[in-house]
Amino acid sequence: MMLFMPTIVLFFQENGLALFDIMLLQAIYSVTIALLEIPSGYVADVLGRKNSMVIGTFFGLLGIIVYAFSFGFWGFLPAALCLGIGQSFVSGSDTALMYDSLLELKREKEFIKLEGRTISMGNFAEAVAFIIGGFLAEITLRTPFYYQIAIAAAGFITALSLTEPKVHRLADGKTKPWKNIKNIIRFSLHENKTLRYFILYSAIIGCTTLTMAWFVQPYYKLLNIKVVYFGIIGAILNLAVAIPSYYAHVIEQKVKTKTLLIAFLILLMSCSVFISLYISLWSLFILLLFYVVRGVATPVLRDYMNRHIPSEMRATVMSIRSFIIRLLFAITSPILGYVADIYSLEQALLLSAILFFVLGGITLILLLNNRKNSY
């Protein structure tokens, strides 16, 4: 429930940041997550997923406080670092905690259904936040951050109330951490080829949707949409994620895995190409389709991955996926931001579509060939 997201780009620009600076700040945020992603996932596997999420939500609260009272690039940098640390400790731990809780209850087959509902609830909350945040930004663009402090505090308190499931622990988890991390990376990215390609494909899809999330507000400006409508449009887009996520388990049951994997890539990239070539209010409907596909893809791809991950390394492996997303975003986002500043936003969107289609296409071919040879 991020009240500041509807106008975050405008907030940065009001404080003297160009689009390149904004993307650079997000790249630093992503690098912070990337560097800590796998170690924090390992901490969650060894010391507990709840403990990891308590640490993460604390740093998230700290980052929001710093954002609320800072100015300029160098003032926002510590906030981005705190949020990066926080996100790294939450990422992977949340999914692992849910899946292993279901394993303990012998309800693991319900994961895709409940994960979809979790994502759906999150996007419903974000839809509400976009509407409220849009109106709060009418006061000042900084006002949403003041209210966000209370929401971040509520998240920290909620993390303290979680129940840790019983999971298989690594026998020497605390005494040989780096050796175990190395073994988990080897298992997930080398030994288990199916899991490797699922991780890479899911990460590319994740980076595609993350990149679009940072381009939508400049795109609204390109369409000459008034700021007051940013929140309303953002709310609609989040509902476009929430509703399909809620029913993702039904879609997964009715559509073959191969068909879904191909559809995710083609639809996301086609939408990106369309909105880059046709600058019109009608393009918002194509953007809506992009978010619908995102709503289905996220829980489905997480479920595919979890089926191939042993319990004792689940949080670490999920963190490897997030690590790749953030690393890829950290590499590509400053380049795309530079293209948007020097040339145009349309060319940046088109370049991102081509780049992620090539990366995703290659990975998808390898994944489908490996699954075919495995049966």
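The values are calculated or read from the model by the stated rules, or taken from the named source; none is laboratory data. Note that the structure is a prediction, hence the values are computed from the model and not measured. Counting neighbours? That spans all protein chains shown, and the Cβs are built from the backbone with ideal geometry, glycine included.
Remarks
- Residue check, MET53 part of a helix (DSSP H, G or I), free of Cβ contacts under 8 Å to residues at least 40 places away in the same chain and closer than 24 Å to ILE185 by Cβ: no
For every residue, the table says whether it meets (1) crowded, with 16+ Cβ neighbours inside 10 Å; (2) over 25 Å from MET305 (Cα atoms); (3) out of contact with any strand residue (DSSP E or B) (no Cβ under 9 Å at 6 or more places or on another chain); (4) without any contact (Cβ under 8 Å) to a residue 24 or more places away in the chain.
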site: ASN224; (1), (2), (3), (4): no, yes, yes, yes
site: VAL255; (1), (2), (3), (4): no, no, yes, yes
site: PHE274; (1), (2), (3), (4): yes, yes, yes, yes
site: TRP282; (1), (2), (3), (4): no, yes, yes, yes
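- Helices (runs of 4 or more DSSP H) enclosed by segment 230-325 - at least 2 residues per element that are closer than 30 Å to LEU136 by Cα and among the β-branched types (Val, Ile, Thr): 230-246, 283-306
- Inside segment 44-57, residues that are more than 19 Å from the chain's Cα centre (by Cα) and buried (at least 23 other Cβ atoms within 10 Å of the Cβ) make up a count of 1.
- For segment 18-34, the tally of residues that are in a helix (DSSP H, G or I) and over 16 Å from the mean Cα position of the chain (by Cα) stands at 6.
- Residue within segment 184-193 that is surrounded by fewer than 21 Cβ atoms within 10 Å (Cβ to Cβ), aliphatic (A, V, I, L, M), assigned to a helix (DSSP H, G or I) and at pLDDT below 80 present: yes
- Pairs meeting the criteria (first residue in segment 122-150 and without any contact (Cβ under 8 Å) to a residue 40 or more places away in the chain, second residue not in a loop (DSSP other than H, G, I, E, B), beta carbons under 7 Å, at least 6 apart or on different chains) are THR143/LEU136; THR143/ALA137.
- Applying the set (1) surrounded by 14 or more Cβ atoms within 10 Å (Cβ to Cβ); (2) modelled with pLDDT of 85 or more to LEU239 leaves exactly one unmet item: (2).
- For beta carbons closer than 7 Å, sequence separation of 6+ or different chains, a first residue in segment 319-331 that is buried (at least 22 other Cβ atoms within 10 Å of the Cβ) and a second that is not aliphatic (A, V, I, L, M) and not in a helix (DSSP H, G or I), the qualifying pairs are SER319/SER91; SER319/GLY92; SER322/SER91; SER322/GLY92.
- Selection status of GLU126, acidic (Asp, Glu), assigned to a helix (DSSP H, G or I) and within 27 Å of VAL227 (Cβ to Cβ): yes
- The lone exception for SER311 - which of (1) surrounded by 20 or more Cβ atoms within 10 Å (Cβ to Cβ); (2) at pLDDT below 85; (3) among the hydroxyl-bearing types (Ser, Thr, Tyr); (4) within 30 Å of SER101 (Cβ to Cβ) it fails: (1)
- Residue among ILE132, ILE181 that is at pLDDT 85 or above, over 21 Å from the mean Cα position of the chain (by Cα) and not small (Gly, Ala, Ser): ILE132
Yes or no, residue by residue, for (1) surrounded by fewer than 19 Cβ atoms within 10 Å (Cβ to Cβ); (2) under 20 Å from LEU3 (Cα atoms); (3) out of contact with any strand residue (DSSP E or B) (no Cβ under 8 Å at 6 or more places or on another chain):
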site	(1), (2), (3)
TYR42	no, no, yes
PHE59	no, yes, yes
ILE64	no, yes, yes
PHE71	yes, yes, yes
GLY86	no, yes, yes
VAL90	no, yes, yes
TYR99	no, no, yes
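- Count of segment 60-85 residues which are touching a Phe, Trp or Tyr at 6+ places or on another chain (Cβ under 9 Å) and either farther than 23 Å from THR143 by Cβ or not in a helix (DSSP H, G or I) (or both): 5
- Taking the criterion of being within 15 Å of ALA263 (Cβ to Cβ) and either of a type in the set (A, V, I, L, M) or surrounded by fewer than 18 Cβ atoms within 10 Å (Cβ to Cβ) (or both), the residues of segment 346-364 that qualify are GLY361, LEU364.
- Taken over segment 105-114, the residue count meeting the criterion of being of a type in the set (D, E, K, R) and at pLDDT below 80 is 4.
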